[in-house]
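Throughout, read-outs are computed from the coordinates displayed, never taken from laboratory work. Remember, it's a predicted structure, so these values are computed and weren't measured experimentally. Positions of Cβ are generated from backbone atoms using ideal geometry, with glycine treated the same way; all protein chains shown enter the neighbour counts.
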Amino acid sequence: MSKPSDLVQGTLDMLILKIVALEAQNGWAISQRLKQISSDVLGVSDGSLYPALHKLERRGWITAQWKSSGNNRRAKFYSLTRLGRRQLETETANWNRISSAISGIVKLKEA
Amino acid sequence: MRFEQWLYTLPLRWRDRLRGKQVDQELGDELRDHLEQQIQVNLEKGMSKEDARRSALLALGGMTQIEQQCRDARGHNLIGNTIQDLRYGVRQLFRSPGFSVLTILCLTLGIGVNAAVFSWAEGILFRPYPAVAHQERLLALGGTARGVSGGGPISWPDFLDLQRNCTLCDALFVSKITGSTLSIGDHAEVTTGSIVSANYFDAIGVRPLLGRGFEPGEDVGNDAHPVVVISYDLWQKRFRGDPQIVGKVQRLNNIPHTIIGVTPEHFYGTFVGWAMNFWVPASMEENFESGGYKLEDRGSRWIESYERLKPGITRAQAQNEMTAIATRLEADYPATNRGRNIQLWALWQTPFNNAGTMLPTLEIMAAVVVFVLLIACANVGNLLLVRSFARRHEMSVRMATGATGGRLLRQLLTEGMILAGLGAAGGLIVAYWCRHALGLLLPARSGIAMYLPGEIDWHVMLLSAGICLMATLVLGLVPAFQARNIDLAGALKADSSSVTTARRRAWMRSGLVVFQVCLSFILLAGAVLLLESLQKIRTASPGFSTNRVVETSVSLVAAGYDDPRAKIFQDDLIERVRALPGVESAAYARLTPLDYGTYSSTPIAVDGYHPPLEEQPAVDYNQVGPAYFATLGIPLLSGREFTRADDENASLVAIVNRTMKARYWGDHDPIGRRLQVKGKWARVIGVAADSKYESIREDPKPFFYVPLLQDFVRGPALNIRTTESLQNISAALLHEVRSIDGNLALYEMITLQEQVDRSTSPQLVAVTLVSILAGLALLLAAVGLYGVMSYAVAQSMRELALRMALGAGSTDLLRLVISRGLRLTAGGVFLGAAAGLALTRLLGKLLYNVSPSDPRAFGAALAVMTITTVAACFFPGWRASRTDPARVLRD
């Protein structure tokens, strides 16, 4: 059981919100998407994805619905709520602020 | 924001709780879906079916763990978990019904006896008066005399002065018990009531259900206000709940009284032990009390009263004020009040009702029930130890599958709570059943409704809840403590326990049994001591004959006789009684020894005796007729008895007892000397032996007698020495009384032995209750001993079989088991004897002529304990002796 660090945990939440913001996705699709964009850098395991999904659902940021997922099976599709959209905006803003600050510091050091 | 969040999350929470199974299944489906897709991908990569599956599982990190993490992520569902724990706990209890029933029974017993005794203490000592407001601020008020221990009544003028001058009290009121004959239709009966001050009902905050209470001024004057308030019970039973009752007239002691009110249901007056049925104002005193009109006599002390403090005032402050007032009264009225103080008591120390007599009994009971609770807990502990061993496997599995220590602890505490909760509920039911038990244990008297209820109020509930909480902790923590030591791998491998843990457990269990034996031994010894003491009391010589003397009285006061008529009647009757066959002698007396009633008391003076300054010697006395000493069998040491000639026209005479002679005349012969009684000089004509006057257990005290005709009382007690049976003499007497006046009734006739027995009934109650509880304790200890021994036998089957194979006979094995049990008992008895020697001293107040360390009592307790041990060990021993060595050794 690989536990993501605090930084990654916060980032993971944001990434999930971002992914489901575009369209409702099921767990498998989210995991593939995560791998696509970040697995090499962040090392998010599937094991930490599902608890994170359930936590976000419990916070009211995403909501789930059982829908058919193509090849004749039903899957749980997560989509963003209004609350989640607001949260995503704040987190993105935060992220931008912090990352620009950090990159500023890093650049300072280089100079 | 917050609200919007709820909008999303509340339905989820409800869903989790109500449809937990479906939520869990969906979670599983979700993860399985992911797993299958991953396997599919892996297969497409060209992995073997098995590798594809393993790799997918590895990537996910284990189904069960992820499921648990998801559940955790959904938030700790406290209520949901508790409900789950409760369900699981209940299932566990049903799985081992024997354990559950035994545990709950033990706890029910332990909590039940505690709740019962505490409810008695509450109902009798602390909040004895149902429906009376603010009992926590109520104090009993009485008088004391310098140099005399104990408290007594006060006089009406003193009471009025206290009432006028008291600034720290909300109210001061009088409630003096009395009796009356009540004739309704052709049915007459004696009932109890109270003489009260006019402020009584206002002061106790009781508003009559019908009609009114007393008005100010109704307690002033002599026979001026013949009004009565009756009890709900009397109204229902004797007047059939007549709604038009107010305003009707009822004869009380043959004087017509107007019924002005009915008290509410469940109000029984203010006298611990007996239910009151009517209340009359103090102005009617002469009609109910013997000894004439006393409202203007500061020397006549007959009032029992109460003070209700203002909020925030302490007893000490109130006492200071009372002492200050008493000191002023002492200065203003030295003739009657010299050396007199006013004393306040907490309700449970009230000297003039049954609270005082029940107090030592209840104190002992409080200690005894704690013992019973401890013994019950030791039994439960023993059961838990066995059970935690049996559940070791379950605990190991749960820990191996990821249950945290905290989760297990919560589960165990929940199970403990179920057991303790059921035990506490059962305990309260036991207490409820037992609430009238005390009243039933006391001997019945005709005309008196015994009322000694237990009060199950929030105090009792709180106590039970407290015990329940403690029991929960013990019930949960003992197995949790055991579970902490579980060696996971070892426990899962096989059900074999290592030798050392088994031994430690055996030590713990043996320790608990020794503890139980120790406690029950102390209780047994205490019970035997009380039993011995009771026997001593009942066989102690009270200084008068008890066997062939009967006592009764005639309702002259009730029949409205005045003094001259009463004198003629009494003379006539005693002549007829003396002429009855089988009657040896008969005599009147104002009071029979040990009866409930207050002796007359008077300041005295003796020629040649100079009391210490500031002290006014006062001595109790009795008014008795001719032949009193011969009838009661009290020896006259010198001088002569009173005769018919010692009447109101003759010179005043008195007979003193031996202690009085020694105190006031020393070595001189008092006969012919002068004694001042109520301000008049009388001549001493005799010295009587000491006897008991108010209590079997009292020390010898100064006492004297005056002739009845020189200090006349209507309707005195009639004592008859006879060889006839109680029934015969009662019938014969009734015939004689009726042939003089058909309207007269006889009060209850009893032997003086019965009188002694009644006066020692608190001791009887203590003995009965302690014996019952000691018996229960013994039973519990025997169950504990039996459990430990059968378990030990089951555990050491191999050893026993080996011994048998090597030639031990079955009697040897039986002896072996029993001697092991006896060894445990010996340890317990040794500890119990050591602790008992210190603890039985607490029985002091209840013991009479018995040493608290009486070797015979301890010997008897030892014998009972030994027999019990042998009995408890016999069955396990018998099973051991039936061991089939071949079979056991082969297995």
Angle check, please: helix B:354-390 long axis (alpha carbons) against the longest principal axis of chain B (alpha carbons), in degrees 0 to 90, nearest 10.
10
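Beyond 46 Å, what share of the Cα-Cα pairs of the protein assembly as shown is found? Please give it as a whole percent. Before the final figure, lay out each step's value.
Numbers: 266026 of 501501 pairs.
Above the 46 Å cut-off, the protein assembly as shown has 53 percent of its Cα pairs.
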Can you give the % of DSSP beta bridges in segment B:555-746 that are antiparallel, to the nearest 5?
70
Principal axis box of segment B:46-192, alpha-carbon based, largest edge first, Å
114, 48, 39
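To the nearest 0.05, how large is the calculated FRET efficiency for B:D562 and B:F874 if R₀ is 60 Å and r is the Cβ-Cβ distance?
Numbers: r = 75 Å, r/R0 = 1.25.
With a Förster radius of 60 Å, E is 0.20.
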Could you tell me which of the pairs A:K35/A:K55; B:K680/B:K701; A:K35/B:K21; B:K294/B:K680 are separated by over 27 angstrom between their Cα atoms in the structure shown?
A:K35/B:K21
What are the extents of the Cα atoms of chain B along their three principal axes, in Å, largest first?
136, 83, 57
For B:K49, which aspartates and glutamates qualify as cross-link partners when the Cα separation must be under 17 Å and same-chain residues fewer than eight apart are set aside?
B:D33, B:E36
Counting all C-alpha pairs of segment B:600-666, share separated by more than 19 Å (%)
43
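DSSP loop trypsin sites (Lys or Arg not before Pro) in segment B:599-669 with at most 14 other Cβ atoms within 10 Å of their Cβ, which ones?
Details: sites: B:R640, B:R644, B:R658, B:K661, B:R663; in loops: B:R640, B:R644.
Listed in order of number, the matching sites are B:R640, B:R644.
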Give me the distance in nm between label points sitting 7 Å out from Cα along the Cα-to-Cβ direction at B:E736 and B:L462, one decimal.
6.0
Can you list, bin by bin at 10 Å, the percent of alpha carbon pairs in segment B:2-75, starting at 0?
18, 37, 25, 15, 5, 0
Taking Cα centroids, how far is segment B:634-703 from segment B:76-135 in Å?
60
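If we count other beta carbons within 10 Å of each Cβ, what is the order of B:L422, B:L806, fewest first?
Details: B:L422 19, B:L806 8.
In order of increasing Cβ crowding within 10 Å: B:L806, B:L422.
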Ascending count of other beta-carbon atoms within 10 Å, so fewest first, for B:L778, B:L413:
B:L413, B:L778
Cα-projected label distance for B:A131 with B:E26, points at 7 Å along beta-carbon direction, nm
6.0
Kirkwood hydrodynamic radius for segment B:184-247: how many Å is it when counted over pairs of different Cα atoms?
13.4
Normalised by the number of residues in segment B:555-746, what is the relative contact order in percent for Cα pairs under 8 Å and 6+ residues apart?
33
Percent of C-alpha pairs per 10 Å bin, segment B:555-746, short to long:
8, 35, 34, 17, 5, 1
How much length would be gained if the chain were fully extended between B:Y432 and B:K237, taking 0.36 nm per residue of separation minus their Cα-Cα distance, in nm to one decimal?
67.7 nm
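Could you line up B:H436, B:H257, B:H610, B:H266 from fewest to most neighbouring Cβ atoms inside 10 Å? Present the calculation step by step, with values, prior to reporting the outcome.
Working: B:H436 16, B:H257 22, B:H610 7, B:H266 10.
Ascending Cβ contact count within 10 Å gives the list B:H610, B:H266, B:H436, B:H257.
Classify segment B:784-878 as rounded, prolate or oblate, taking a ≥ b ≥ c as the square roots of the eigenvalues of its Cα gyration tensor: rounded when a/c is under 1.5, otherwise prolate if a/b is larger than b/c and oblate if not.
On the way: a/c = 3.85, a/b = 3.21, b/c = 1.20.
Prolate is the answer for segment B:784-878, as a/c is 1.5 or above and a/b outweighs b/c.
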Through the Karplus equation 6.51 cos²θ - 1.76 cosθ + 1.60, θ set to phi - 60°, convert the phi angles of segment A:49-54 into ³J(HN,Hα) values in whole Hz; use x for Gly and Pro.
5, 5, x, 5, 4, 5
Value of relative contact order over chain B, rounded to a whole percent, pairs C-alpha under 8 Å and six or more apart
14
How high is the relative contact order of segment B:153-350? Use alpha-carbon pairs under 8 Å, at least six apart in sequence, and give a whole percent.
30
Calc'd 3J(HN,Hα), segment B:315-332, phi into Karplus 6.51 cos²θ - 1.76 cosθ + 1.60 (θ = phi - 60°), Hz, glycine/Pro = x, comes to 5, 4, 4, 4, 4, 4, 5, 4, 4, 5, 5, 4, 5, 5, 5, 4, 6, 6
Evaluated over segment B:220-365, the Cα radius of gyration and Dmax, each in Å
18.9, 53
Roughly what would the spin-label model give for B:S853 and B:A390, points 7 Å off Cα along C-beta, in nm?
4.6
Would you kindly give the portion of the calculated P(r) for segment B:156-302 that falls above 22 Å, as a percent of all Cα pairs?
36
The distance between the Cα centres of segment B:572-588 and segment B:246-292, in whole Å, is 34
Once phi for every residue in segment B:877-883 is put through the Karplus expression 6.51 cos²θ - 1.76 cosθ + 1.60 (θ = phi - 60°), the whole-Hz ³J(HN,Hα) values, with Gly and Pro written as x, are x, 5, 5, 4, 6, 9, 4
Beta bridges per DSSP with both ends in chain B, % antiparallel, nearest 5:
80
